[in-house]
Amino acid sequence: MLETPLDLLLEKFEHVDLIDVVHPKSVQAEVRRHPKRERVRLLEVDLNLISAESFKGLYGNYDFAVSANLLSQLPFVLGQNMRKNKIAEEEISRFAADLQNQHLQFLRSLVPKFLCYSDFEMHVLDKNAQIIEMAPTVSAQVPIRWQSTWMWELAPAPELSRNYSVHLKVGAASI
Ligand SMILES: C[S@@+](CC[C@H](N)C(=O)[O-])C[C@H]1O[C@@H](n2cnc3c(N)ncnc32)[C@H](O)[C@@H]1O
C-alpha cells in the first residue's frame with residue numbers, strides 16, 4: 001500500500017487481493033475504511049513457500065497479477081540470516097537466484113499476464129554523487145528483461161550517513 005495504487009486497481013478489476021507475508025495494522029485499517037472494501041482481500045502468505053497450484057487451490061484463479069517491489073525482497077532477510085551464520089556468499093547468491101526465479105515461475109503459472117516491478121541494483125554514492133559501490137539486488141541469473149527503468153533515491157545523505165547516499169535502480173516488466 002506504499003506504492004500500490006489500490007483505487008486504480010479497483011477501477012480495472014472486480015476483485016483485488018493484496019498479498020504480503022504480513023500486513024501491517026496501518027494497511028489493515030486502510031482497507032477496513034475503504035469504501036470498496038468488500039472487493040478487497042488481504043492475504044498473508046509467505047510467497048517463498050507456496051506453489052501456484054496450492055495458491056489457486058486456496059484462493060481461486062486470477063486474471064492478472066502485479067509483483068510490486070517484491071522480487072528483491074524475497075531473499076533479503078533469509079540472505080542476511082545466512083550471512084550471520086557465516087554461509088558462503090556464493091551459496092547465498094545461488095539461494096537468492098533460486099527464490100527469485102521461483103517467484104517468476106509462480107507468476108507465470110498463476111496468471112496469463114503479469115506486471116513485475118522491483119529494484120534490481122543498489123548504488124552507493126559519495127558526496128560528489130560518484131558511485132562508490134554497486135550491488136545487484138536481483139540476481140543476474142534471473143532472466144528478466146526490464147522494459148522501463150528509473151532511479152529511486154532511497155536514502156539521500158544524511159538519512160543513513162552524512163557521507164553517502166543510497167539509490168536503487170528500479171525496473172518494470174510486463175510479461
Ligand atoms: C518494499 S515492500 C513492498 C510492499 C508492497 N508490495 C507495496 O508495493 O507497497 C516489500 C514487501 O515484501 C514483503 N515480503 C518479503 N518477503 C516476502 C515473502 N516471502 N512473501 C510475501 N511477502 C514478502 C515484505 O513483507 C514487504 O512488505
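Scoring 139-152, 77-90 by mean Cβ neighbours within 10 Å over their residues and listing the highest first yields 139-152, 77-90.
The packing ranking of peptides 60-72, 31-43, highest mean first, is 60-72, 31-43, where packing means the average number of other beta carbon atoms within 10 angstrom of each residue.
Counted over segment 45-174, the DSSP beta bridges are approximately 80% antiparallel. Glu11 contributes an accessible area of around 140 Å² to the protein surface, as traced by a 1.4 Å probe with all chains present.
Around the Cα centre of the chain, unit charges on the Cβ atoms of Lys, Arg, Asp and Glu (plus for the first two, minus for the last two) sum to a dipole of about 220 debye.
When Rg and Dmax are taken over the Cα atoms of segment 54-175, they come to 16.4, 53 Å.
The values are calculated or read from the model by the stated rules, or taken from the named source; none is laboratory data. Because the structure is predicted, anything quoted here is derived from the model rather than measured. We place every Cβ from the backbone using ideal geometry, glycine too, and count neighbours over all the protein chains shown. Note: accessible area is taken over every heavy atom of the protein model, side chains too, but ligands, DNA and RNA are not part of it. Shrake-Rupley method; radii C 1.70, N 1.55, O 1.52, S 1.80 Å.
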